[in-house]
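Student: Here it is: the structure, laid out below.
The values are calculated or read from the model by the stated rules, or taken from the named source; none is laboratory data. Everything numeric in this text was worked out from a predicted model, so none of it was measured. Ideal geometry is used to build each Cβ from the backbone, glycine not excepted, and the neighbour counts take in all protein chains shown. Protein only, heavy atoms only, side chains kept; ligands, DNA and RNA dropped before computing areas. Shrake-Rupley method; radii C 1.70, N 1.55, O 1.52, S 1.80 Å.
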Amino acid sequence: MKQVLTIAGSDSSGGAGVQADLKTITAFDVYGASVITAVTAQNTLGVQGIETLSGGFVGQQVDSVVSDLDFSAVKTGMLANSEIIQTVAQKVKEYQLVNLVVDPVMVATSGDLLLAKEAINYLKEDLIPLAKVITPNLNEAKVLTGKDLSEDISLEELASELHKLGAQYVLVKGGHQKQKVARDLLYDGVKFNEFSTPRIKTADTHGTGCTLSSAIACNLALGYQIEEAVKRSKKYITKAIKSGCQVGAGNNPVDHFVSIEE
Ligand SMILES: Nc1ncnc2c1ncn2[C@@H]1O[C@H](COP(=O)(O)OP(=O)(O)OP(=O)(O)O)[C@@H](O)[C@H]1O
Ligand SMILES: Cc1ncc(COP(=O)(O)O)c(N)n1
């Protein structure tokens, strides 16, 4: 059985973070292990509190699992601060972890901040250059390239600038754009590859980014090339959003246990 590691924060409501990652990994019939960076008190309405673990203890968790299990891909989600980012980057290098998918989580769908502002440069300089693929949404892409959030800028331009940070591939997600299609753009430094689906009219997108990046990690672990891995993952997230899970009073999570087949 292929094994995937998620390094991310806990979402007590179970829709995003480590919980979304492990559900997704299970849906792909892959074995999932988790290194927790922070614990959030969170529900579908927002984030009520955050307790962050020390960089040392995050590193110890990585040592424990990597010395025993055998990961074909690793994904990172909420990393909370620069100390944790530096630890994770150092461990990725030390253990030569492959197929690293970096979801540069900064803000929850609810608007709550999940990454300290001063940590953004560490993300850019220490972790992103080690990634096989990074999966920023539109706003994260703007922050990483130093753009104003109100600036009207194409996914192509953002992807080109982001690729200079050193990841092998960049997937800029246009999910939060107010257009009729949910358009994501993959860039390898030479060509653009577009993945578009009709936009589903829903506010229930809690955990969509976590779910998509975990699905990509699974598909890479299963041996798919990046274009096919993104295609399969996009198909999965679209079905999961469509199906949805009406569990709370706010932005509800997706249904992780939809079929991964056609
Ligand atoms: N309403 C929607 N209809 C169809 N696809 C969507 C919709 N919203 C998001 N997506 C898709 O879901 C995936 C995740 O994108 P999104 O932009 O929501 O990520 P994100 O902002 O990082 O997520 P999160 O807010 O969970 O961190 C992308 O493939 C995106 O195109
Ligand atoms: C622990 C944790 N990690 C990531 C997210 C982002 O997901 P979303 O923006 O969909 O709420 C989250 N809300 N909580």
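Student: Test Val247 against the criterion of being under 23 Å from Thr109 (Cβ atoms), in contact with a Lys or Arg (Cβ under 9 Å, 6 or more places away or on another chain) and assigned to a loop (DSSP other than H, G, I, E, B), and give yes or no. So that I can check it myself, show each step before the final result.
Tutor: Values: under 23 Å from Thr109 (Cβ atoms): yes; in contact with a Lys or Arg (Cβ under 9 Å, 6 or more places away or on another chain): no; assigned to a loop (DSSP other than H, G, I, E, B): yes.
No.
Student: Now a separate question. Please tell me if Ile200 is surrounded by fewer than 17 Cβ atoms within 10 Å (Cβ to Cβ), of a type in the set (Val, Ile, Thr) and within 16 Å of ligand 2 (Cβ to nearest atom).
Tutor: Considered against the rule, which asks whether it is surrounded by fewer than 17 Cβ atoms within 10 Å (Cβ to Cβ), of a type in the set (Val, Ile, Thr) and within 16 Å of ligand 2 (Cβ to nearest atom), Ile200 comes out as yes.
Student: How many residues, within the range 147-167, are closer than 16 Å to Leu123 by Cβ, assigned to a loop (DSSP other than H, G, I, E, B) and over 18 Å from the mean Cα position of the chain (by Cα)?
Tutor: Of all residues in the range 147-167, those closer than 16 Å to Leu123 by Cβ come to 147, 158, 161-167.
Now drop any that are not assigned to a loop (DSSP other than H, G, I, E, B), which leaves 147, 164-167.
When the remaining residues are screened for being over 18 Å from the mean Cα position of the chain (by Cα), the result is 147, 164.
Final tally of qualifying residues: 2.
Student: Within the range 175-196, track down each residue that is in contact with a strand residue (DSSP E or B) (Cβ under 9 Å, 6 or more places away or on another chain) and more than 22 Å from Asp21 (Cβ to Cβ).
Tutor: Taking the range 175-196 and keeping what is in contact with a strand residue (DSSP E or B) (Cβ under 9 Å, 6 or more places away or on another chain), we get 175-177, 180-189, 192-196.
Of everything in the range 175-196, those that are in contact with a strand residue (DSSP E or B) (Cβ under 9 Å, 6 or more places away or on another chain) and more than 22 Å from Asp21 (Cβ to Cβ) turn out to be Gln177, Lys180, Val181, Arg183, Leu185, Tyr187, Asp188, Gly189, Phe192, Asn193, Glu194, Ser196.
Student: From the set of residues in the range 42-60 that are open to solvent by 50 Å² or more (accessible area, probe 1.4 Å) and in contact (Cβ under 8 Å) with a residue 12 or more places away in the chain, which is farthest from Ser110 (Cα to Cα)? It would help to see each step written out before you state the result.
Tutor: Of the range 42-60, the ones open to solvent by 50 Å² or more (accessible area, probe 1.4 Å) are 43, 45, 48, 50-52, 54, 56-57, 60.
Pick out the ones that are also in contact (Cβ under 8 Å) with a residue 12 or more places away in the chain and you get 43, 45, 50-52, 54, 56.
Numbers: Asn43: 10, Leu45: 7, Ile50: 14, Glu51: 18, Thr52: 19, Ser54: 25, Gly56: 29 Å.
Ranking the qualifying residues of the range 42-60, first place goes to Gly56.
Student: Looking at (1) out of contact with any Gly (no Cβ under 8 Å at 6 or more places or on another chain); (2) free of Cβ contacts under 8 Å to residues at least 60 places away in the same chain, which is the only condition Val30 fails?
Tutor: Of the numbered conditions (1) out of contact with any Gly (no Cβ under 8 Å at 6 or more places or on another chain); (2) free of Cβ contacts under 8 Å to residues at least 60 places away in the same chain, the odd one out for Val30 is (2).
Student: Give me the residue from the range 98-110 that is surrounded by fewer than 24 Cβ atoms within 10 Å (Cβ to Cβ) and either free of Cβ contacts under 8 Å to residues at least 60 places away in the same chain or in contact with a Pro (Cβ under 7 Å, 6 or more places away or on another chain) (or both) and, out of that set, farthest from Gln61 (Cα to Cα). Walk me through how you get there before you give the answer.
Tutor: Within the range 98-110, the first condition is being surrounded by fewer than 24 Cβ atoms within 10 Å (Cβ to Cβ), and the residues that meet it are 98-99, 106-110.
Checking the rest, the ones that are also either free of Cβ contacts under 8 Å to residues at least 60 places away in the same chain or in contact with a Pro (Cβ under 7 Å, 6 or more places away or on another chain) (or both) come to 98, 106-107.
Values: Val98: 18, Met106: 22, Val107: 25 Å.
Only one residue tops the list, namely Val107.
Student: Check off (1) among the hydroxyl-bearing types (Ser, Thr, Tyr); (2) under 20 Å from Leu171 (Cα atoms); (3) open to solvent by 50 Å² or more (accessible area, probe 1.4 Å) for Thr76 and give me the number that stays unchecked.
Tutor: Thr76 satisfies all of (1) among the hydroxyl-bearing types (Ser, Thr, Tyr); (2) under 20 Å from Leu171 (Cα atoms); (3) open to solvent by 50 Å² or more (accessible area, probe 1.4 Å) except (3).
Student: Take Thr197 and tell me if it is in a helix (DSSP H, G or I) and within 10 Å of ligand 1 (Cβ to nearest atom). Before the answer, list the steps.
Tutor: On the way: in a helix (DSSP H, G or I): no; within 10 Å of ligand 1 (Cβ to nearest atom): yes.
For Thr197, the condition - in a helix (DSSP H, G or I) and within 10 Å of ligand 1 (Cβ to nearest atom) - is not met.
Student: Now for a separate question. For Leu22, are the conditions met, namely being in contact with a strand residue (DSSP E or B) (Cβ under 6 Å, 6 or more places away or on another chain) and open to solvent by less than 30 Å² (accessible area, probe 1.4 Å)? Break it down into steps so the answer makes sense when it comes.
Tutor: Details: in contact with a strand residue (DSSP E or B) (Cβ under 6 Å, 6 or more places away or on another chain): yes; open to solvent by less than 30 Å² (accessible area, probe 1.4 Å): no.
So Leu22 does not fit the description; no.
Student: Something else about it: Only strands (runs of 3 or more DSSP E) wholly contained in the range 37-142 count here; list those with 3 or more residues that are in contact with a helix residue (DSSP H, G or I) (Cβ under 8 Å, 6 or more places away or on another chain) and among the aliphatic types (A, V, I, L, M). Step through it out loud before you land on a result.
Tutor: Details: elements: 46-52, 73-76, 100-102.
It comes to 100-102.
Student: Looking at Ser214, Ser233 in this structure, which one is crowded, with 16+ Cβ neighbours inside 10 Å, within 14 Å of the chain's Cα centre (by Cα), within 20 Å of Thr6 (Cα to Cα) and within 10 Å of ligand 1 (Cβ to nearest atom)? Lay out the reasoning, then the answer.
Tutor: Working: Ser214 fails: within 10 Å of ligand 1 (Cβ to nearest atom).
Residue meeting the stated conditions: Ser233.
Student: Any chance you could count how many residues in the range 21-50 are among the small types (Gly, Ala, Ser) and over 25 Å from Gln90 (Cα atoms)?
Tutor: Taking the range 21-50 first, the residues among the small types (Gly, Ala, Ser) are 27, 32-34, 38, 41, 46, 49.
Then keep just the ones that are over 25 Å from Gln90 (Cα atoms); that gives 27, 41, 46, 49.
Qualifying residue count, the range 21-50: 4.
Student: Restricting the first residue to the range 191-213 and requiring it to be more than 23 Å from Asp112 (Cα to Cα), which pairs with a second residue that is assigned to a helix (DSSP H, G or I) and within 15 Å of ligand 2 (Cβ to nearest atom) meet a Cβ separation below 6 Å and a spacing of at least six or different chains?
Tutor: Going by the 6 Å Cβ cut-off, the qualifying pairs are Ile200/Ile241.
Student: Looking for whichever is within 16 Å of ligand 2 (Cβ to nearest atom) and open to solvent by 60 Å² or more (accessible area, probe 1.4 Å) here; the options are Leu138, Leu113. Which one fits? Give the steps one after another, and end with the answer.
Tutor: On the way: Leu138 fails: open to solvent by 60 Å² or more (accessible area, probe 1.4 Å).
Going through Leu138, Leu113 in turn, the sole match is Leu113.
Student: Something else: What number goes with the only condition from (1) open to solvent by less than 50 Å² (accessible area, probe 1.4 Å); (2) more than 11 Å from ligand 2 (Cβ to nearest atom) that Asp29 does not pass?
Tutor: (1)
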